[in-house]
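Take a look at the structure set out below.
Derivation of every value follows stated rules applied to the coordinates shown; laboratory data play no part. Computed from a predicted structure; not experimentally measured. Cβ placement follows ideal geometry from the backbone for every residue including glycine, while neighbour counts extend to all protein chains displayed.
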Amino acid sequence: MKLLLFSDLHGNQAAAQQLVALAREVDIVVGAGDFGNLRRGIDTAIGLLTSIDKPAVLVPGNAESTAELEAACRAWSAAHVLHGTGINLAGIDFFGIGGGIPVTPFGSWSYDFSEAEARQLLADCPAGGVLVSHSPPKGVVDLSSRGVNLGSVAIREAIEQQQPALVVCGHIHESAGQQAQIGNSVVINAGTAGIIWELA
C-alpha cells in the first residue's frame, strides 16, 4: 500500500500541482493540515487537489478549522476530513486530529487545542494503523528554529500507548521532511514536497 504524505501547503499552488502528479503513483493520499493561511485561501490548494481521484485523508491544521476544511472539500468526493474521528480504507485504520496542539502563541485566528482537549479527541485512536496529526508529538520532528521542541505531549502519549504503524504530521516547518521512531511507530513530518511511503 503506497501513501502520499504531505502537510503545510499554505496555498502553495506549485506544490499542490506537484502533489497531484505524485498522487498518480499511490493508493491513498494523506494531508496533515494547513492548506491555507490565517483561515483564508483554503480553496486555493484544495481546488487543485480535487483532481486527485485516489482516497484522501485530511486533517485541519491551525490555519483552518474542521468546518472550513470540510466546506472547501465539498467538491472533492474522494476526500475524508478527520478530527477526533477515524475511517477504514482498504483495510487500514486511519485516525485524525487537527489544529495546533498545544495552544500556539498566534492568537485568535489559530485553530488550537489544549493538551487536555487533545487527550479527549484522541480517546478513540485505534492501535496500529495510521495516525494523521497536524501537530507532531513532543520530542521528535518538532524542533523550531530556536531549538525548542514544540510538539504535543498528548499526541506522544497516544503514540506510545496505541503504537500506530505510521504517524503523519506537520506544523513545525523547520522539521519538514524529517522522520523518527517512537517505539514501533514511524513518525514523519511530511512537509510540502510530498513523501511516498510504502505501508507494510
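Brief remarks on what is shown
- Taken about its Cα centre, segment 40-114 carries a charge dipole of roughly 60 debye when the Cβ of each Lys and Arg holds +1 and the Cβ of each Asp and Glu holds -1.
- Theoretical ellipticity at 222 nm over the chain - DSSP helices of four or more residues, -39500 (n - 2.57) apiece, nearest 500: -6000 deg cm²/dmol
- The label point for Asn149 and the one for Ala90, both projected 7 Å from the Cα toward the Cβ, are 3.3 nm apart.
- Most positive-pole-ward Cα, Phe35, Leu9, Ala21, against dipole of segment 1-144 from beta carbon charges: Ala21
- Rounded if a/c under 1.5, otherwise prolate or oblate - segment 1-103, Cα gyration tensor axes: oblate
- Contact order normalised by residue count of the chain, Cα under 8 Å, 6+ apart, percent: 22
- The chain: equivalent-ellipsoid semi-axes (sqrt of 5 x gyration tensor eigenvalues, Cα, Å): 22, 19, 16
- Volume of the Cα convex hull of segment 92-200, divided per residue and given in Å³: 96
- Modelled label positions at Ser108 and Ala165, each set 7 Å beyond Cα in the direction of Cβ, lie 4.5 nm from each other.
- Förster radius 22 Å - calculated FRET efficiency between Ala193 and Lys54 (Cβ-Cβ, nearest 0.05): 0.75
- Principal axis box of segment 34-76, alpha-carbon based, largest edge first, Å: 27, 17, 14
- Rounded to the nearest 5, the antiparallel percentage of DSSP beta bridges internal to the chain is 40%.
- Rel. contact order, % - alpha carbon contacts under 8 angstrom, at least six apart, segment 85-200: 22
- Taking packing as the residue-averaged number of other Cβ atoms within 10 angstrom, the listed peptides 74-86, 91-103 run from highest to lowest as 91-103, 74-86.
- All other residues whose Cβ lies under 13 angstrom from that of Leu122 are scored, Lys and Arg at +1 and Asp and Glu at -1, for a net of -3.
- Rounded if a/c under 1.5, otherwise prolate or oblate - segment 43-110, Cα gyration tensor axes: oblate
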